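The values are calculated or read from the model by the stated rules, or taken from the named source; none is laboratory data. Predicted model, so just to flag it, every value in this text is computed and none were measured. Cβ atoms come from the backbone with ideal geometry, glycine included; neighbour counts cover every protein chain shown. All accessible areas refer to the heavy atoms of the entire protein, side chains included, with ligands and DNA or RNA removed. Shrake-Rupley method; radii C 1.70, N 1.55, O 1.52, S 1.80 Å.
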Amino acid sequence: GNVLSVAQVAGIMGAKSCSQIIPLCHPINISKVSVKLDLAENAYEGPLCCSVNIEAQVKCKGETGVEMEALSAVSIAALTVFDMCKAVSKNMRIEGIRVVEKTGGKSGNWKIE
């Protein structure tokens, strides 16, 4: 199947399953999950010179943060890409997973600059 489409679905499922796979992470009433995957060709030198940029956005109506759900979405999507492409290359790596922006919740708004 289409690797990016399958990884997108897996990422959404990862966000929704966060409380089941991370100890002490409580279930949250998620109102929105979006996972976007973009293929960036010529990102590296060599025969397999591409990368996949993955971005997740998670929203909820409560006063709690959804950082763990967003991080889970990106991680599961990346692991899915890795799993589906491992026969093509053993040189893949997953890197740079981070929260880049947060709005709402008790700690307020912030964004990486």
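Any idea which of (1) over 18 Å from the mean Cα position of the chain (by Cα); (2) of a type in the set (A, V, I, L, M, F, W, C); (3) farther than 20 Å from N2 by Cα is the one V100 doesn't satisfy?
Every listed condition holds for V100 apart from (1).
What's the total number of residues in the range 65-108 that are open to solvent by 80 Å² or more (accessible area, probe 1.4 Å), more than 22 Å from P27 (Cα to Cα) and of a type in the set (S, T, N, Q)? Working first, answer last.
In the first step, residues of the range 65-108 are kept if they are open to solvent by 80 Å² or more (accessible area, probe 1.4 Å); the result is 68, 79, 83, 86-88, 90-91, 93, 95, 98, 101, 103, 106-107.
Filter again for more than 22 Å from P27 (Cα to Cα), leaving 79, 83, 86-88, 90-91, 93, 95.
So of that shortlist, the ones also of a type in the set (S, T, N, Q) come out as 91.
Within the range 65-108, residues that are open to solvent by 80 Å² or more (accessible area, probe 1.4 Å), more than 22 Å from P27 (Cα to Cα) and of a type in the set (S, T, N, Q) number 1.
Pick from the range 40-64 the residues that are hydrophobic (A, V, I, L, M, F, W, C) and at pLDDT 90 or above: which of them is surrounded by the fewest Cβ atoms within 10 Å (Cβ to Cβ)? Working first, answer last.
Step one: list which residues in the range 40-64 are hydrophobic (A, V, I, L, M, F, W, C), which gives 40, 43, 48-50, 52, 54, 56, 58, 60.
Narrowing the set further to residues that are at pLDDT 90 or above leaves 52, 54, 56, 58, 60.
Details: V52: 19, I54: 24, A56: 26, V58: 24, C60: 17.
Once the filter is applied, the top-ranked residue is C60.
Given the conditions (1) modelled with pLDDT under 95; (2) surrounded by fewer than 14 Cβ atoms within 10 Å (Cβ to Cβ); (3) over 13 Å from the mean Cα position of the chain (by Cα), report the number of the one that K32 does not fulfil.
(1)
Of all helices (runs of 4 or more DSSP H) completely enclosed by the range 1-112, which ones contain at least 2 residues that are among the aliphatic types (A, V, I, L, M)? Give the derivation first.
Details: elements: 3-16, 18-21, 67-85.
Ranges flagged: 3-16, 67-85.
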